[in-house]
Amino acid sequence: MRHPLVMGNWKLNGSKQLTADLISGLQSALTEVQGCKVVIAPPALYLAQAVAAVQGSDIGVGAQNIDVNLSGAFTGETSAEMVKDNGAGYVIIGHSERRTYHHESDELVAEKFAVVKQQGLIPVLCIGETEAENEAGKTEEVCARQIDAVIKTQGVEAFHGAVIAYEPVWAIGTGKSATPAQAQAVHKFIRTHIAKQSPTVADQVIIQYGGSVNDKNAAELFGQPDIDGALVGGASLKADAFSVIVKAAAAAKA
Ligand code: PGA
């Protein structure tokens, strides 16, 4: 039985004030909620503050990226060891914004996946096709390739305890979410693809949907059998909207 995971990706947004306000807002809104894991991913500079602020609640904290190196002459980077040292438990990797703006390849993302796992942290592997790839009918091919980069180097077992976030690039920040049926079809494909190598791993892996999830469309998305929660960008910056999404996941999967 998979428990849903709703994660807030704050991207390059936040301040000490926003971190404090958003966490206290979530804590009061989510006191009664059970059966859905909630994780927030603030910018790295606010990880320590967020970890301290969530003490005493079930909210987890994650980073948005890490370098493949653990230490050394890599100016400007943050390591998985530092994320762990600060008490965060999750790391988003391979987000499409990093693949696009920082030219991260499938291979580099797979290397990061391995580093995150070696540190005992939970990787949230973002995959998904661009609009052009979607229109060319390449959605499944792209998702399979992005997953296979990890399987090739680490075996299918690497997905044990890991999280996949299917985020069609055309749906991110556009207000144009995939329909529940569209998303379910891709999620099912992803699970079946992994099941070819290990039904056990496929059965437990959490597959989140991401891309314009909001308080209005969340419930219908979570009603789909292979959608195990969401990676939420814009709507994660508002305690009210994010709490509604979390409650929708808890209710749909109860
Ligand atoms: P969005 O972003 O919810 O603002 O579309 C999702 C993401 O990029 O993780």
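Numbers at a glance
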{"read-out": "Rg/Rg_globular for the chain, with Rg_globular taken as 2.2 N^0.38 Å and Rg from C-alpha atoms", "value": "0.93"}
{"read-out": "Protection proxy ranking of 149-160, 218-229, 129-140, 112-123 - average other beta-carbon atoms within 10 Å, highest first", "value": "218-229, 112-123, 149-160, 129-140"}
{"read-out": "Kirkwood hydrodynamic radius of the stretch 100-147, from inverse mean 1/r over distinct Cα pairs, in Å", "value": "11.9 Å"}
{"read-out": "The stretch 155-254: proportion of alpha-carbon pairs further apart than 21 angstrom, %", "value": "31 percent"}
{"read-out": "Order by protection proxy (mean Cβ within 10 Å, highest first), peptides 183-190, 69-76", "value": "183-190, 69-76"}
{"read-out": "Full-extension gain in nm, Ala114 to Phe189, via 0.36 nm per residue minus C-alpha separation", "value": "24.7 nm"}
{"read-out": "18 Å cut-off, amide nitrogen to a point 7 angstrom out along Ser15 Cα→Cβ, residues in the stretch 47-68", "value": "47, 49-50"}
{"read-out": "Long-range Cα-Cα pairs in the stretch 76-204 (distance over 17 Å), rounded percent", "value": "58 percent"}
{"read-out": "Nearest-0.05 FRET efficiency for Gln154 and Thr31, computed from C-beta distance (R0 30 Å)", "value": "0.20"}
{"read-out": "Extension gain (nm, one decimal) between Leu70 and Lys176, 0.36 nm per residue minus Cα-Cα", "value": "34.4 nm"}
{"read-out": "FRET efficiency estimate (nearest 0.05) - Cβ-Cβ, Arg145 to Met1, R0 30 angstrom", "value": "0.50"}
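Taken together, the values in this text are just the output of simple stated rules run on the coordinates, not laboratory data. Keep in mind that what you see is a predicted model, and the values were worked out from it rather than measured. Here the Cβ is made from the backbone with ideal geometry for all residues, glycine too, and neighbour counts use every protein chain on show.
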